[in-house]
């Protein structure tokens, strides 16, 4: 089953998922919170391993979107982790935070999304939680041809087993 957690920008989607996943051993994936400097980083849900995503640098290893500069190497590491996860893990939930403008341009976490979404479409035992901004929801559903899904709001997470 695919769940899509949606809401406005900066509405607490990632923080809610972080709190929901704490203490659970059936959840893994990647969250994309902000650090104390308001820079985004990737956080592996189960191991709590962090790795830098956003940078101030202007090297060749970056993807620019709006005012943000993201490390291509971080997206490669994130994609590799998520793709490996699907074939090796028995967790009940996989979180992919988030699908947005980069993924609609086949960048960012696109490779992982393209690979994992079909694996979860008709899976009753494992569930994929995608984080998508409300104004991009229809575009993401169409881009990845997500035919079966359930929309979640932050308050709905507590109802997931």
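Per-structure values
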read-out	value
Candidate set from the stretch 19-39 (those that are under 21 Å from residue 108 (Cα atoms) and surrounded by fewer than 17 Cβ atoms within 10 Å (Cβ to Cβ)); member that is modelled with the highest pLDDT	33
Test: residue in the stretch 60-69 that is crowded, with 20+ Cβ neighbours inside 10 Å and touching a strand residue (DSSP E or B) at 6+ places or on another chain (Cβ under 8 Å)	no
Test for residue 97: is it surrounded by fewer than 16 Cβ atoms within 10 Å (Cβ to Cβ) and either touching a residue at least 12 places away in the same chain (Cβ under 8 Å) or part of a helix (DSSP H, G or I) (or both)	no
Count - residues of the stretch 122-135 that are within 14 Å of the chain's Cα centre (by Cα) and more than 13 Å from residue 153 (Cα to Cα)	2
Residues of the stretch 150-161 that turn out to be surrounded by fewer than 18 Cβ atoms within 10 Å (Cβ to Cβ) and not in a helix (DSSP H, G or I), as a count	5
Boolean, residue 147 is surrounded by fewer than 19 Cβ atoms within 10 Å (Cβ to Cβ), touching a helix residue (DSSP H, G or I) at 6+ places or on another chain (Cβ under 9 Å), farther than 21 Å from residue 30 by Cβ and in contact (Cβ under 8 Å) with a residue 40 or more places away in the chain	no
Residue in the stretch 101-110 that is under 24 Å from residue 150 (Cα atoms), in contact with a strand residue (DSSP E or B) (Cβ under 8 Å, 6 or more places away or on another chain), part of a strand (DSSP E or B) and touching a residue at least 12 places away in the same chain (Cβ under 8 Å) present	no
Selection from the stretch 123-141 of residues that are crowded, with 16+ Cβ neighbours inside 10 Å, touching a strand residue (DSSP E or B) at 6+ places or on another chain (Cβ under 7 Å) and part of a helix (DSSP H, G or I)	137, 140
Criterion violated by residue 119 - all others in (1) over 18 Å from residue 156 (Cα atoms); (2) surrounded by 20 or more Cβ atoms within 10 Å (Cβ to Cβ); (3) in contact with a helix residue (DSSP H, G or I) (Cβ under 6 Å, 6 or more places away or on another chain) satisfied	(2)
Out of 75, 85, sole residue that is modelled with pLDDT under 90, farther than 19 Å from residue 145 by Cα and surrounded by 15 or more Cβ atoms within 10 Å (Cβ to Cβ)	85
Any chance residue 105 is exposed (fewer than 15 other Cβ atoms within 10 Å of the Cβ) and under 19 Å from residue 133 (Cα atoms)	yes
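The values are calculated or read from the model by the stated rules, or taken from the named source; none is laboratory data. The structure displayed is predicted, hence computed values, not measured ones. Cβ coordinates were reconstructed from backbone atoms using ideal geometry, including for glycine residues, and neighbour counts include every protein chain displayed.
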